[in-house]
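A short write-up of the structure that comes next.
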Amino acid sequence: QVQLVESGGGLVQAGGSLRLSCAASGSIFSINAMGWYRQAPGKQRELVAVITSSGSTNYADSVEGRFTISRDNAKNTAYLQMYSLKPEDTAVYYCNANIRNRWFSEYDYWGQGTQVTVSS
């Protein structure tokens, strides 16, 4: 019923920037929280940033001050602006959204992931 489509990943040099996008579509009554997660090879998935429907945000300590999460409710889209990228930021980044349908049931959905590679 719902799809999340991510884009914006790529290869950048250390110190560079990228902007990730996540667009939700399908049977959507409302979107609650949206978040970005990442997973590096051999490591567990970790939360990077989350934004609520009211605009409140939280960040992992490792990205605080460098990354900014935002959302455009009219487009059902979340963004992750990443500055001052480090090689340690290299990972597959996944978008997550908690979505309520017309029957007021809530489900978590995931995007396909987009690769971010930061070279030194």
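Every condition in (1) open to solvent by 40 Å² or more (accessible area, probe 1.4 Å); (2) part of a loop (DSSP other than H, G, I, E, B); (3) at pLDDT 95 or above; (4) under 19 Å from Q115 (Cβ atoms) holds for P41 except the one numbered (3). Filtering the range 75-120 to residues that are within 13 Å of S7 (Cβ to Cβ), open to solvent by 60 Å² or more (accessible area, probe 1.4 Å) and assigned to a loop (DSSP other than H, G, I, E, B) leaves only Q112. Checking the structure you have, find out if any residue of the range 1-18 is in contact with a strand residue (DSSP E or B) (Cβ under 7 Å, 6 or more places away or on another chain), under 21 Å from R102 (Cα atoms) and at pLDDT 95 or above. Taking every residue of the range 1-18 in turn, at least one turns out to be in contact with a strand residue (DSSP E or B) (Cβ under 7 Å, 6 or more places away or on another chain), under 21 Å from R102 (Cα atoms) and at pLDDT 95 or above.
Residue check: L11 meets all listed conditions (1) in a strand (DSSP E or B); (2) surrounded by 20 or more Cβ atoms within 10 Å (Cβ to Cβ); (3) of a type outside the set (K, R) but one, namely (2). For the range 60-74: of the residues being at pLDDT 95 or above and either over 18 Å from G8 (Cβ atoms) or more than 15 Å from the chain's Cα centre (by Cα) (or both), which is surrounded by the fewest Cβ atoms within 10 Å (Cβ to Cβ)? It comes out as D61. Of the numbered criteria (1) β-branched (V, I, T); (2) surrounded by 15 or more Cβ atoms within 10 Å (Cβ to Cβ); (3) over 12 Å from D89 (Cα atoms), the one T57 fails is (2).
Each row is one residue, and each column tells you yes or no for (1) acidic (D, E); (2) touching a residue at least 60 places away in the same chain (Cβ under 8 Å).
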position	(1), (2)
S7	no, yes
C22	no, yes
A33	no, yes
K43	no, no
S56	no, no
A60	no, no
E64	yes, no
A74	no, no
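Contact map, the range 85-107: residues that are modelled with pLDDT of 95 or more paired with residues that are open to solvent by 40 Å² or more (accessible area, probe 1.4 Å) and β-branched (V, I, T), Cβ distance under 8 Å, separation 6+ or inter-chain. Pairs shown: T90/T117. For the condition over 18 Å from V116 (Cα atoms) and open to solvent by less than 60 Å² (accessible area, probe 1.4 Å), A24 qualifies.
The values are calculated or read from the model by the stated rules, or taken from the named source; none is laboratory data. No experiment lies behind these values; they were computed from the predicted model shown. Note that each Cβ is placed from the backbone with ideal geometry, even for glycine, and that neighbours are counted across all protein chains shown. Ligands, DNA and RNA are stripped out before the accessible areas are found, and what is left, the full protein with its side chains, is counted by its heavy atoms. Shrake-Rupley method; radii C 1.70, N 1.55, O 1.52, S 1.80 Å.
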